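Right, one structure below, let's go through it.
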Amino acid sequence: MKKNIIFILLIVIIIAGAGIWYINSKKNKNPSSSSSPSLSPIAQATYICNGGKTIKATFYKGEPKAVRPGEMPIPSGSVKIVLSDGRNFELPQTISADGGRYANSDESIVFWSKGDGALLLENGVEKDYIGCFTQVKEGIRVNLPNGGETWAKGQKVQISWSAAKGIKSVNIRLSISGDENSQNFNATIASDIPNTGNYEWTVQDLYAEVLGIKALPVSDKYLVTVEDKDHNNIYDTSDATFSIK
């Protein structure tokens with residue numbers, strides 16, 4: 001009798017083991033049934049940075065996260081960025097009061113998307129990707145300086161713009177906004193330069209055509225204009241004034 005009971009228990013164990021093996025084999029043949037569906041991109045953008053560097057960003061929308069009434073919503077999106085130096089990062093979205101902010105777990109890589117611009121911080125510092133803006137489809141857009149900056153004579157500064165691919169070369173001009181007398185200062189920083197989106201200039205005296213003198217007055221009303229070299233009706237000017245001391 002005792003032998004029969006042991007035999008029956010062995011049979012039960014064998015049958016149970018076979019059932020578990022069958023279930024697991026079915027799961028392995030259909031892995032998609034247990035995995036979550038892949039996220040679909042909701043937007044893509046390419047940012048052109050100083051020196052011709054690029055950041056290609058693909059944005060994803062995640063599943064909404066439940067919060068209590070009155071609590072701030074918890075971001076659930078993410079972004080994949082591909083840098084022109086070959087590096088790439090997948091970053092979850094974090095809470096931000098201004099623009100879309102994405103960061104890895106230790107915040108050593110932080111990517112901000114703000115309107116037409118982007119900011120990439122590596123260990124808290126803008127390192128290799130500076131002055132990043134999306135390409136415009138038509139015309140020209142001045143990115144830097146765009147208001148509030150302060151330059152000094154002898155300083156090396158970056159002038160950044162976005163322009164349609166059909167524009168081959170541009171002129172860069174510096175002027176003072178204000179009354180009629182100050183507007184007489186209008187000088188060329190560079191002419192007929194390739195439409196690369198970036199130009200480094202050492203702040204120095206310029207020849208003002210109307211005044212007929214070479215100078216660079218101290219003012220907080222300066223503007224930069226970038227124009228299509230072949231069609232000077234296609235241009236853009238800084239949105240607000242900046243200073244040169």
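The values are calculated or read from the model by the stated rules, or taken from the named source; none is laboratory data. Bear in mind that the values here come from a model prediction, so they are computed numbers and not experimental data. Cβ atoms come from the backbone with ideal geometry, glycine included; neighbour counts cover every protein chain shown.
Quick notes on this one:
- Residue match in segment 111-128 (condition: of a type in the set (D, E, K, R), touching a Phe, Trp or Tyr at 6+ places or on another chain (Cβ under 7 Å), in a strand (DSSP E or B) and closer than 30 Å to Glu227 by Cβ): no
- Qualifying positions in segment 137-146 - in contact (Cβ under 8 Å) with a residue 60 or more places away in the chain and under 17 Å from Trp201 (Cα atoms): Val142, Pro145, Asn146
- Taken over segment 83-109, the criterion of being in contact (Cβ under 8 Å) with a residue 12 or more places away in the chain, in a strand (DSSP E or B) and not charged (D, E, K, R) is satisfied by Leu83, Phe89, Leu91, Pro92, Gln93, Thr94, Gly100, Tyr102, Ala103, Ile109.
- Evaluation of Tyr207 against (1) more than 25 Å from the chain's Cα centre (by Cα); (2) of a type in the set (Phe, Trp, Tyr); (3) crowded, with 18+ Cβ neighbours inside 10 Å (one fails), failing number: (3)
- Residues that are surrounded by 12 or more Cβ atoms within 10 Å (Cβ to Cβ) and either basic (Lys, Arg) or under 21 Å from Thr150 (Cα atoms) (or both), drawn from segment 210-235: Leu216, Pro217, Ser219, Asp220, Lys221, Tyr222, Leu223, Val224, Thr225, Val226, Lys229
- Single condition Thr188 does not satisfy, out of (1) surrounded by 15 or more Cβ atoms within 10 Å (Cβ to Cβ); (2) without any contact (Cβ under 8 Å) to a residue 40 or more places away in the chain: (1)
- Segment 236-245: number of residues that are crowded, with 18+ Cβ neighbours inside 10 Å and either over 19 Å from Val157 (Cβ atoms) or of a type outside the set (Val, Ile, Thr) (or both): 3
- Residues of segment 40-63 that are surrounded by fewer than 14 Cβ atoms within 10 Å (Cβ to Cβ) and of a type in the set (Gly, Ala, Ser): Ser40, Ala43, Gly52, Gly62.
- Of all residues in segment 210-240, those that are in a loop (DSSP other than H, G, I, E, B), within 19 Å of Asn198 (Cα to Cα) and β-branched (Val, Ile, Thr) total 1.
- In segment 129-149, the residues that are farther than 15 Å from Ile48 by Cβ and either in a strand (DSSP E or B) or of a type in the set (Asp, Glu) (or both): Glu138, Glu149
- Ala66 vs. criteria of a type outside the set (Ser, Thr, Tyr), at pLDDT 65 or above and exposed (fewer than 10 other Cβ atoms within 10 Å of the Cβ): yes
- With respect to the conditions (1) of a type in the set (Lys, Arg); (2) surrounded by 12 or more Cβ atoms within 10 Å (Cβ to Cβ); (3) over 30 Å from Ala215 (Cβ atoms); (4) touching a Ser or Thr at 6+ places or on another chain (Cβ under 8 Å), Arg141 falls short on a single one, namely (3).
- Verdict on Ala103 being buried (at least 17 other Cβ atoms within 10 Å of the Cβ), under 30 Å from Glu90 (Cβ atoms) and not β-branched (Val, Ile, Thr): yes
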